[in-house]
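See structure below.
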Amino acid sequence: MRDKELIKSSGIIGISQFLVMFLSLLKNKCFSILLGVDGIGLFGLFQSLLELVRSITSLGIHTAGIRYIASEEQSDDDLSQSRTIYVFRRWISFTGVLGAIVCFLFAAPLCIYTFGNDIYLVDIRILSIAIFFTALSAGQSSLLLALKKITVYAKSNITASLITVIITVMMAYAWGIKAVMPIFLITSVILWATGRFFINALGIKQSKQSFKEVMRKGSPILSLGLVTIVTGIATSSVAMFLKIMITQRSGLDEAGVFQAVWIIANSYLSIALSSLGTDLYPRLSAVCNDKSGFEHILNNYLRNGLVLISPLLILFTVFAPAAISLLYSSEFAGGVMLLRWLMAAFFFRAISMMLSYGLLAKAKKKTYIIIETIWYIPFVAICWFGYPRIGLDAIGIASLVSYFIYFIILYFELSISGYRIEKDIYKLAIINALSLAGVFLILYFYGGIGGIVISSVVMLPALCLS
């Protein structure tokens, strides 16, 4: 019964994320035409700013809250759960206000740090409004996931994506590159309004608490949240560092190419992976003290993740030029090799992401912080010294090396804790890894049509197995 439930929830999220991915593909294709390479580069810088401020001011509440609400949901104590939900939503509102204030007050130094001048000062202050609504919408998504309202979560995502595509593409058509900041603002409001509509329709119960109780009951959520905030800040800071480094050394054009490839690698493939990962964390949190249940769920998700993500990684590696041209335009062709490096790196990222949820679910705070941050050291070092010499490829190589190290550390940590990966998962991982490596090496040394034909033959065993 448990397996059927896992497959059903993964299937619902998978289908919804596929539709969201299609809408995102359509939106980004329109943006690449209407905004150009410079517009995409500017979009990426504002996106990194938003993520950086959100990571610092979110206090990790939206992630940590999933674990605590899921635990309450498992206990069948309605009153306790309703109190936890009220506390969680009050803390989410607080982080939204905090993020908006920080962005508004520090707009000038953020602008100078990012662009070297204050030309976008007003835009960054407007961004503070988007940060507020983004925080609220993230909290709404976390609440739906923690309560396992998977169908409602899917409906909310699809509805918000559809409305966003229609409105933002019209804005880009009407205003061109000047529409970048208004797009951020309207997108955040649509996400919040859509999520609020679906949550209100559920009639989720909340028991009002005093300010003192909100602070007291929120302390364990905040405690775990501060663990995840470290990794969130590190991730956002590194993404910001990369885009600023590229912009200052090579200009907005190359930053636009990087942003396009980063979106393909992170957005489209992460959307596919999140059909599993979105549901994994609350489920692991609910059985964190049940060794056999914990191991069974994590192994199932690892198996399904490999089956789902490996063919996508291989296909994107083989058809990287076509993917970039289709999803964006020929102006972004300089990112083909970077995309291939990232596909190799994301094989280890996909496995590691699911293993890391195991640490989070067991609330291993210190271990999680150390492992989640240590891999950034080789990543930043390789990017910093490699980019001036080999360009964007250095970022891909840094990703591959860092995610491999990250995977090895996570694997040994969970093994020490008693977790065991089933044998068929090893077999599946090895076959897919060898196929991906073979395809990559063929295309690296033998480009053009010939390389694509040969690599297409090499990838067949992995595709058939999946």
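When the residues of segment 351-376 are filtered to those that are open to solvent by less than 40 Å² (accessible area, probe 1.4 Å) and outside any helix (DSSP H, G or I), which remaining residue is modelled with the lowest pLDDT? The selected residue is Ala363.
Of note, Ile397 satisfies the criterion of being of a type in the set (Val, Ile, Thr) and open to solvent by 30 Å² or more (accessible area, probe 1.4 Å). Scanning segment 91-127 for residues that are under 18 Å from Phe184 (Cα atoms), without any contact (Cβ under 8 Å) to a residue 60 or more places away in the chain and open to solvent by less than 10 Å² (accessible area, probe 1.4 Å) returns Gly96, Gly99, Cys103, Ala107, Cys111. Looking at segment 321-344, can you tell me whether even one residue there is out of contact with any Phe, Trp or Tyr (no Cβ under 8 Å at 6 or more places or on another chain), surrounded by 22 or more Cβ atoms within 10 Å (Cβ to Cβ) and more than 22 Å from Ser237 (Cα to Cα)? Checked against the condition, which is being out of contact with any Phe, Trp or Tyr (no Cβ under 8 Å at 6 or more places or on another chain), surrounded by 22 or more Cβ atoms within 10 Å (Cβ to Cβ) and more than 22 Å from Ser237 (Cα to Cα), segment 321-344 yields at least one hit. Tell me the residue from Phe404, Phe348, Phe440, Phe379 that is modelled with pLDDT of 85 or more, open to solvent by 50 Å² or more (accessible area, probe 1.4 Å) and more than 22 Å from Gly293 (Cα to Cα), please. Being modelled with pLDDT of 85 or more, open to solvent by 50 Å² or more (accessible area, probe 1.4 Å) and more than 22 Å from Gly293 (Cα to Cα) holds for just one of Phe404, Phe348, Phe440, Phe379, which is Phe404.
Only one entry in Ile221, Ile244 is buried (at least 19 other Cβ atoms within 10 Å of the Cβ) and assigned to a helix (DSSP H, G or I), namely Ile221.
Every test in (1) β-branched (Val, Ile, Thr); (2) under 23 Å from Gly41 (Cα atoms); (3) crowded, with 22+ Cβ neighbours inside 10 Å is passed by Ile186 save one, and that test is (3). One residue alone among Ile177, Ile166 is open to solvent by 70 Å² or more (accessible area, probe 1.4 Å), among the aliphatic types (A, V, I, L, M) and touching a residue at least 60 places away in the same chain (Cβ under 8 Å), and that residue is Ile177.
Looking across Ile409, Ile425, Ile430, one residue alone is in a helix (DSSP H, G or I), open to solvent by 80 Å² or more (accessible area, probe 1.4 Å) and either under 26 Å from Ile297 (Cα atoms) or touching a His at 6+ places or on another chain (Cβ under 7 Å) (or both). It is Ile430.
Listed by first and then second residue, the pairs linking a residue in segment 3-32 that is among the basic types (Lys, Arg) to a residue that is at pLDDT 75 or above and assigned to a helix (DSSP H, G or I), with Cβ atoms under 7 Å apart and 6 or more places separating them unless they lie on different chains, are Lys27/Val165; Lys27/Thr168; Lys27/Val169. Taking the listed residues Lys212, Lys208, the one that is among the charged types (D, E, K, R), surrounded by fewer than 16 Cβ atoms within 10 Å (Cβ to Cβ) and either without any contact (Cβ under 8 Å) to a residue 40 or more places away in the chain or under 25 Å from Phe46 (Cβ atoms) (or both) is Lys212, with no other qualifying. For segment 16-44, taking the residues that are farther than 14 Å from Ile183 by Cβ and charged (D, E, K, R), the one that is nearest to the chain's Cα centre (by Cα) is identified as Lys29.
The values are calculated or read from the model by the stated rules, or taken from the named source; none is laboratory data. Computed from a predicted structure; not experimentally measured. For neighbour counting, all protein chains shown are included, and Cβ atoms are generated from backbone atoms with ideal geometry for every residue, glycine included. The accessibility values were calculated without ligands, DNA or RNA, using every heavy atom of the protein model including side chains. Shrake-Rupley method; radii C 1.70, N 1.55, O 1.52, S 1.80 Å.
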